[in-house]
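A.B. asks: Below: one structure in structure tokens.
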Amino acid sequence: MSFINYLSERPKLTQLGIVLIVFFILMSMTGLYHDLIVERHLFAKSVVKGEIQSSVGFAESMSMILNWQLPPQLVRIPELTFYHPVINTSATYVLIALLVTAGLLYKSFAESVNKSQWLRVNWFQIISKGFVGIIVGLLFIPTLYNWFFGEVTRSTFWEIPMMLQDFSQYLIFEFWQTPVYDPEIEDYEDYGRVRLFTRAIGATLLFLINLVRELLIGGFETVVSLANVFSDQSGWDWLNENKDKWYSSVPAIPWTVLTAGAFILGYKLQGVGLSILAGFGCIYLAVFGQWEPAMQTLSFVLVAAPVSVLFGVIWGVLAYKSRTVERVITPLLLVAQTFPHFAYLVPIIVFFGIGDHAGAVATIIFATPPMIRLTLLGLKRVSPEVLDAGRMSGCHNYQLMFKVLIPTARRDILIGVNQVIMQCLAMAVIASFIGAMGLGFNLLLALNQLRVGQALELGVCIVLIAVVLDKLSLAWANKQTDYFADLSFVERNKTALLFVAVFFAALLFAWFGNWMFADTAKGINYFYLIPHNKGITTEPFWQAGVDYMVSNWRADIKIFNKWLLVEVLMPMKASYLAMPAIATFVLTMGVGYIIGGIRSAIVVGSFMLFIALTPWWERALITMYMLTFAVIVSVFIGTIVGAICVQNKRATKFILLVCDTFQTFPSFIYLIPVIMLFGVTDTSVLIAVIVYAVIPPTRYTVEGLRNVPESLLDAADMSGATKLQRMFKIEFPLAFPHIMLGVNQCVVFALFMVIIGAFIGTEDLGQEIMQQLFSGGNIGSGLMLGFCVAFIGLAVDHLIQTWATKRRKLLGID
Amino acid sequence: MSDQQSVIKCDSVYKIFGKNAEKMLQNANGKVVAEEFQKAGCVVGVNNASFEVNKGEMLVVMGLSGSGKSTLLRCISRLTDATAGNIYIEGEDLTSMSDKELIELRRNKMGMVFQSFALLPHKTVLENIAFPLQVKGNSTKDSIQRAKDMVDLVGLTGRENYFPRQLSGGQQQRVGIARSLAVEPDIWFLDEPFSALDPLIRKEMQDEFLRLQGVLNKTILFVTHDFDEALRLADRIAIMKDGIIEQLDTPANIVLNPATEYVRKFTEDVPREKVLKIKSVMEPVGDEKDFSDLRVSEDAIIETVAEAVLADPKSVPVLNANDDIVGVVHSSKVIHVLFGENSTLESNA
């Protein structure tokens, strides 16, 4: 009886037990289909071949269940059909849609005081509820009708990608056409305005990137040639006409000028420390022979980052001003957080083509959401009193926003800028998939050739650029004016004057360089530009290290690898695949119910349903299996390392620094050494994922434990707790909600890396996205796959956030 | 006091939060019962507030948290719009002002000090003080010059280039005060300006505040939850509870004649001799001629002269600012003030 009592006092535990029992019962009921679903494609293939039915009728289902056998539609959600609202418009369903909308809006209208104003005030409500009405009336009801009586079918969920693809093609090529003069065929041709618009954006970005790039590494000739963008060929013509004039061959800025500029700028903005960082960063780039690709990347970042910041601030401000914008933007931001990068690339290729501009667009789309989120967060955190103080000082709206709100929210906005810069450089590699030039592209090449040393050097270049840009922007934003200084012209402008002096000195240097290096090998002017592969390199050193590891450890690693694969990973994968769909739903929704009640169950259930309705359910299961394994190991390692490091101040500082560095490092680099050691297996992918995903749990454990109030620790000590007791009874329980947020981040990081793991070779969702990308891109599949991945992340995110919020409220932490 | 010009005038001001507040107020016909509104999901912030503040006068609005005192202040500064009623600033109707007029008013006539200082974290002391001037469109040079004067006025010389986070609470509030005074406003709003400070610093800031007011002579609306502070500073005190002004009177009258039970609770523990001035216990000069040689000022706090008055067997004449005799004070009255409350004997007063 005491056991019953124990359970009745812990309702959550009982619920969890029930969920698990039902789950395992369902797991054991696959019977007939067990062998089919364990092999990824077999179930779907058998259905296509007609060997098994995808669904059976009600009576048969019941008899199957009574014989301890799940009917096929519960094992794998079949290719469900739904009413196609565009092709088949039936008046009945339109009427239902209208009635539902009217019903939803009735209460709000009846209760409103001012009926004439109602429409104007509630327009967002009308749109959103109208949307619900359309979904219910044109999708749910006919689909349900169809499932029961089977009449109005026009489409299946598996066809949605194709529908989206058709729609995008229509949008690009046929929608809202306009004749455009084509000089090639000397005639007017019809172009879709959408395509013209995206092309114009692409051309503008490309122009900006090239402008910066040519100033840095191209020279006058190429700058002039850019005039092509504005008028046909005039730039080249002008150059040809003025070929022998001196100014037609002015070279680009020598690297020495930029380096000196970095030193001066760093000093001017903050001081010696920043000056040294910026200057030596540049020297590193030049000396290692990475100047050219680095400047290509820089030019790309210098365009993408400001645009992202601008968009981010604008949308952040709009969301702050208008509740409606905020409500629309919030779910989009959530999705953007977990949407895989590769999935972005597919639609971008279709709309913008390939090249630097496409890379820039991808980067902007990717880097803007965190900026929006942080701007909004910062603005919301401005204390209402400061806002009042601004008003009472007589600010009008514009002054209030730009002189009070935004500067006061500066801290968060600057974190946003930092995020943007980091994201831009993180995207440098991914953007090179769609044709962006620079360090990322070279890194990708080095990876393909398995050149660890070079990839590492390139990675350091990327991190350096990121860090220097970040610090410079931070210092610039924090700069203050001195009102007391009453200085002469020279003193006020000494930095500018110094730069001018250095500029000419460096030019002179570069000029002398022409003679100095003339008789050395190949006549390279090292004072002007150190070409690619002509700098110092540490590659042999790293290569030797990798060779040593491969030759000496390989045998042991092979044994370990085999054990891991055979004993752990394969059984785990098999058991994931062996889950009938209904069991997955019971488990996820059950956990959702326990954590957040009926609402969470529905939220998590709908995310799962979306994935289950696509053709990629099995692939999603494989993604989930890799995700689970990686997250469990990462969290285990991360919390232990974090808990150990937090015992010592210096270790804490060190581990946080390591976290920062690893986070900026292009994640692709982790892939090479593991492939060399573990071959093309799931182990490689998982190790790369774990190396990357271990960062957040470590960091959050350190932060969480460090933020436990001192007084509580003293209280524990005074109660006579040993160090271990204190740790497990006081510190961990209090830090737990924060650590769970680390787990949440860990899931996001791991998901990101699992998808990139497709690069090595997996058979999960990432692989499918990769294929879409390289096969030219079906927008529909790309987007749907992206959403599948994002929804896995969001489901976990929802559960952990709900739990952590409840727990924090309970503990009374902020 | 009808001959004096009233600078702020409130005429049955209501502030009710919640949906349909206006409609409910119309239906209530000016008779607002908080409970009824609460049932409908509305919260009554200010309930039928009517009063005037005269030029150069300091009105302290005192109440506990949730009494609506800050809401009242925000209505008068129009940081929130009153639900009903009229507010006049120097005869002009505040409630019907356009945004543009309002900004003009704030730029030239109003200054406000906030409880948590509300300094702009990215600006230095000097820039914070100059902020209202720069917003107004003054040149940077003029603004900074004026700001420097204000820094001297509030005694922060030498810390012009500090950021708010580098200052102590008291110093931050000095900056807040300097900023609110930078545009030389006629009306000065202070919303619990000293509540976030330590007791000693608070006392010091109150003294500083009284000194400033002695120099500047502004019309002041001061909000506090501290009854002692109200007594120390006010010309008149308005005590609020649940949005209603329970009593509006001079400190002496409030202490001597609390209008409601609620007000009485505040006054109970107040040491009267420390609050009341001789003026409040003096009697008109009667027929008697036998005065003491001692003279006391009508503005003297009783405690400071009690010993001397009690030592004197005769009645003590009271002088006003012009050294004219305006009344006499009897030792019996002083004894009543000093010990009356604690007497266990049946009082026949």
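A.B. asks: Quick one: how many residues across region A:716-743 are within 26 Å of the chain's Cα centre (by Cα) and of a type in the set (Gly, Ala, Ser)?
C.D. replies: 1
A.B. asks: Output the residues belonging to region A:15-39 that are loosely packed, with under 13 Cβ neighbours inside 10 Å, touching a Leu at 6+ places or on another chain (Cβ under 9 Å) and modelled with pLDDT of 85 or more.
C.D. replies: A:Gly17
A.B. asks: Of the residues in region A:407-445, how many are within 14 Å of chain B (Cβ to nearest Cβ) and in contact (Cβ under 8 Å) with a residue 40 or more places away in the chain?
C.D. replies: Of region A:407-445, the ones within 14 Å of chain B (Cβ to nearest Cβ) are A:407-414.
In the following step, the residues that additionally are in contact (Cβ under 8 Å) with a residue 40 or more places away in the chain were identified as A:410, A:413-414.
Of the residues in region A:407-445, 3 are within 14 Å of chain B (Cβ to nearest Cβ) and in contact (Cβ under 8 Å) with a residue 40 or more places away in the chain.
A.B. asks: Applying the selection to region B:152-164, what residues are more than 12 Å from chain A (Cβ to nearest Cβ) and either part of a helix (DSSP H, G or I) or closer than 20 Å to A:Arg391 by Cβ (or both)?
C.D. replies: Once the filter is applied, which keeps residues that are more than 12 Å from chain A (Cβ to nearest Cβ) and either part of a helix (DSSP H, G or I) or closer than 20 Å to A:Arg391 by Cβ (or both), region B:152-164 yields B:Asp152, B:Leu153.
A.B. asks: Of all residues being of a type in the set (S, T, N, Q) and over 30 Å from A:Gln296 (Cα atoms) in region A:169-218, which is nearest to the chain's Cα centre (by Cα)? Just the residue, please.
C.D. replies: Kept after step one, since they are of a type in the set (S, T, N, Q), are these residues of region A:169-218: A:169, A:177-178, A:198, A:204, A:210.
Subset that is over 30 Å from A:Gln296 (Cα atoms): A:169, A:177-178.
Details: A:Gln169: 26, A:Gln177: 34, A:Thr178: 36 Å.
Ranking the qualifying residues of region A:169-218, first place goes to A:Gln169.
A.B. asks: If we only count helices (runs of 4 or more DSSP H) wholly inside region B:17-135, which ones have 1 or more residues that are under 27 Å from B:Arg202 (Cα atoms)? Talk me through it step by step, then tell me what you get.
C.D. replies: Working: elements: B:21-28, B:34-39, B:69-76, B:99-108.
Helices (runs of 4 or more DSSP H) meeting the threshold: B:69-76.
A.B. asks: Counting just the residues of region B:120-145 that are more than 8 Å from chain A (Cβ to nearest Cβ) and among the aliphatic types (A, V, I, L, M), which one comes out surrounded by the most Cβ atoms within 10 Å (Cβ to Cβ)?
C.D. replies: Checked region B:120-145; the qualifying residue surrounded by the most Cβ atoms within 10 Å (Cβ to Cβ) is B:Ile129.
A.B. asks: Shifting gears a bit: Which ones in region A:382-399 are in a helix (DSSP H, G or I), more than 7 Å from chain B (Cβ to nearest Cβ), surrounded by fewer than 23 Cβ atoms within 10 Å (Cβ to Cβ) and touching a Ser or Thr at 6+ places or on another chain (Cβ under 9 Å)? Walk me through how you get there before you give the answer.
C.D. replies: Kept after step one, since they are in a helix (DSSP H, G or I), are these residues of region A:382-399: A:384-392, A:397-399.
After this cut, where a residue has to be more than 7 Å from chain B (Cβ to nearest Cβ) as well, the list is A:384, A:387, A:390, A:397-398.
Then keep just the ones that are surrounded by fewer than 23 Cβ atoms within 10 Å (Cβ to Cβ); that gives A:384, A:387, A:397-398.
Within region A:382-399, A:Leu387 is the sole residue that qualifies.
A.B. asks: Please determine whether any residue of region B:264-273 is in contact with a His (Cβ under 8 Å, 6 or more places away or on another chain) and on the phi < 0 side of the Ramachandran plot. Steps first, please.
C.D. replies: We begin by selecting, within region B:264-273, every residue in contact with a His (Cβ under 8 Å, 6 or more places away or on another chain); these are none.
No.
A.B. asks: Condition (residue is assigned to a helix (DSSP H, G or I), under 19 Å from the mean Cα position of the chain (by Cα), of a type in the set (Ser, Thr, Tyr) and surrounded by 20 or more Cβ atoms within 10 Å (Cβ to Cβ)) applied to region A:687-696: is it met by at least one residue? Steps first, please.
C.D. replies: If we filter region A:687-696 for residues that are assigned to a helix (DSSP H, G or I), which is where we start, we get A:687-693, A:695-696.
Going one step further and asking which of them are under 19 Å from the mean Cα position of the chain (by Cα), we end up with A:688-693, A:695-696.
Still in the running and of a type in the set (Ser, Thr, Tyr): A:692.
Narrowing the set further to residues that are surrounded by 20 or more Cβ atoms within 10 Å (Cβ to Cβ) leaves A:692.
The answer is yes; a qualifying residue exists.
A.B. asks: Another question about this same structure. Restricting to region A:44-58, name every residue that is at pLDDT below 85 and either among the hydrophobic types (A, V, I, L, M, F, W, C) or farther than 20 Å from A:Ala612 by Cβ (or both).
C.D. replies: A:Ala44, A:Val47, A:Val48, A:Gly50, A:Glu51, A:Ile52, A:Val56, A:Gly57, A:Phe58, listed by residue number.
A.B. asks: Something else now. Restricting to region B:274-311, what's the tally of residues that are in contact with a His (Cβ under 9 Å, 6 or more places away or on another chain) and either exposed (fewer than 14 other Cβ atoms within 10 Å of the Cβ) or within 21 Å of B:Ala230 (Cβ to Cβ) (or both)?
C.D. replies: Matching residues across region B:274-311 total 2.
A.B. asks: Of the residues that sit in region B:12-29 and are at positive phi and not small (Gly, Ala, Ser), which one is nearest to the other protein chains (Cβ to nearest Cβ)? Can you show your working first?
C.D. replies: First pass over region B:12-29, keeping only residues at positive phi: B:12, B:18, B:20, B:29.
If we keep only those that are not small (Gly, Ala, Ser) as well, we get B:20, B:29.
Values: B:Asn20: 6, B:Asn29: 18 Å.
Taking the candidates together, the pick is B:Asn20.
A.B. asks: Quick one: which helices (runs of 4 or more DSSP H) sit completely within region A:2-91 and have at least 2 residues that are out of contact with any helix residue (DSSP H, G or I) (no Cβ under 6 Å at 6 or more places or on another chain) and of a type in the set (Val, Ile, Thr)?
C.D. replies: Numbers: elements: A:2-9, A:11-27, A:34-38, A:42-49, A:58-66, A:72-75.
Because the criterion is at least 2 residues that are out of contact with any helix residue (DSSP H, G or I) (no Cβ under 6 Å at 6 or more places or on another chain) and of a type in the set (Val, Ile, Thr), the helices (runs of 4 or more DSSP H) in region A:2-91 that meet it are A:11-27, A:42-49.
A.B. asks: Can you tell me how many residues within region A:139-161 are closer than 29 Å to A:Gly782 by Cβ, touching a helix residue (DSSP H, G or I) at 6+ places or on another chain (Cβ under 6 Å) and modelled with pLDDT of 75 or more?
C.D. replies: Residues flagged as closer than 29 Å to A:Gly782 by Cβ, touching a helix residue (DSSP H, G or I) at 6+ places or on another chain (Cβ under 6 Å) and modelled with pLDDT of 75 or more within region A:139-161 amount to 2.
Matching residues to (1) within 14 Å of chain A (Cβ to nearest Cβ); (2) under 22 Å from A:Gly390 (Cα atoms):
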residue	(1), (2)
B:Lys55	no, no
B:Leu72	no, yes
B:Ile76	yes, yes
B:Ala84	no, no
B:Lys100	yes, yes
B:Gly111	yes, yes
B:Ala118	yes, yes
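A.B. asks: One residue is enough: does region A:179-189 have a residue meeting the conditions at pLDDT below 80, in contact with a helix residue (DSSP H, G or I) (Cβ under 8 Å, 6 or more places away or on another chain) and assigned to a loop (DSSP other than H, G, I, E, B)?
C.D. replies: no
A.B. asks: Follow-up question, since we're still on this one. For region A:733-790, enumerate the residues that are of a type in the set (Ser, Thr, Tyr) and in a helix (DSSP H, G or I).
C.D. replies: Here is the first cut: in region A:733-790, the residues of a type in the set (Ser, Thr, Tyr) are A:762, A:775, A:781.
Scanning region A:733-790 gives a single hit, A:Ser781.
A.B. asks: Here's a follow-up. Determine whether A:Val303 is modelled with pLDDT of 85 or more, in a helix (DSSP H, G or I) and under 30 Å from A:Asn122 (Cβ atoms). Explain how you work it out, then say what you get.
C.D. replies: Working: modelled with pLDDT of 85 or more: yes; in a helix (DSSP H, G or I): yes; under 30 Å from A:Asn122 (Cβ atoms): no.
No; evaluated as a whole, the condition is false for this residue.
A.B. asks: Pairs please, first residue from region A:493-508 and within 15 Å of A:Tyr267 (Cβ to Cβ), second anywhere and surrounded by 13 or more Cβ atoms within 10 Å (Cβ to Cβ) and of a type in the set (Phe, Trp, Tyr), Cβ atoms under 8 Å, 6+ apart in sequence or on different chains.
C.D. replies: Short answer, once both residue conditions are applied: A:Thr495/A:Tyr267.
For (1) hydroxyl-bearing (Ser, Thr, Tyr); (2) out of contact with any Asp or Glu (no Cβ under 7 Å at 6 or more places or on another chain); (3) surrounded by fewer than 22 Cβ atoms within 10 Å (Cβ to Cβ), each residue gets a yes or a no:
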{"site": "A:Lys268", "(1), (2), (3)": "no, yes, yes"}
{"site": "A:Val272", "(1), (2), (3)": "no, yes, yes"}
{"site": "A:Gly279", "(1), (2), (3)": "no, yes, yes"}
{"site": "A:Leu285", "(1), (2), (3)": "no, yes, no"}
{"site": "A:Gln296", "(1), (2), (3)": "no, yes, no"}
{"site": "A:Phe300", "(1), (2), (3)": "no, no, no"}
{"site": "A:Ala304", "(1), (2), (3)": "no, yes, no"}
{"site": "A:Phe311", "(1), (2), (3)": "no, yes, yes"}
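A.B. asks: Further question on the same structure: Give just the number: which of (1) over 18 Å from the mean Cα position of the chain (by Cα); (2) surrounded by fewer than 20 Cβ atoms within 10 Å (Cβ to Cβ) does A:Ile415 not satisfy?
C.D. replies: Exception for A:Ile415: condition (1).
A.B. asks: Would you mention how many residues in region A:639-663 are buried (at least 21 other Cβ atoms within 10 Å of the Cβ) and either modelled with pLDDT of 95 or more or among the polar types (S, T, N, Q) (or both)?
C.D. replies: Number of matching residues: 1.
A.B. asks: Which of the following residues is buried (at least 17 other Cβ atoms within 10 Å of the Cβ), assigned by TED's automatic domain parsing to the domain that holds B:Ser195 and in a helix (DSSP H, G or I): B:Leu231, B:Leu248? First the steps, then the outcome.
C.D. replies: Working: B:Leu248 fails: in a helix (DSSP H, G or I).
Among B:Leu231, B:Leu248, only B:Leu231 is buried (at least 17 other Cβ atoms within 10 Å of the Cβ), assigned by TED's automatic domain parsing to the domain that holds B:Ser195 and in a helix (DSSP H, G or I).
A.B. asks: A follow-up question, please. Given the structure, is B:Leu105 within 24 Å of B:Arg74 (Cβ to Cβ) and within 10 Å of chain A (Cβ to nearest Cβ)?
C.D. replies: Details: within 24 Å of B:Arg74 (Cβ to Cβ): yes; within 10 Å of chain A (Cβ to nearest Cβ): yes.
When the stated conditions are applied, B:Leu105 passes them.
A.B. asks: Filter region B:165-185 down to the residues that are in a loop (DSSP other than H, G, I, E, B) and more than 18 Å from B:Asp149 (Cβ to Cβ), then identify the one that is farthest from the other protein chains (Cβ to nearest Cβ).
C.D. replies: First, pick out the residues of region B:165-185 that are in a loop (DSSP other than H, G, I, E, B): B:167-168, B:182-185.
Adding the requirement that they be more than 18 Å from B:Asp149 (Cβ to Cβ) leaves B:167-168.
Working: B:Leu167: 16, B:Ser168: 18 Å.
Checking each candidate, the answer is B:Ser168.
The values are calculated or read from the model by the stated rules, or taken from the named source; none is laboratory data. Just so we're clear, the structure is a prediction, and the values are computed from it rather than from any experiment. With ideal geometry, Cβ positions are generated from the backbone for all residues, glycine too; neighbour counts draw on all protein chains shown.
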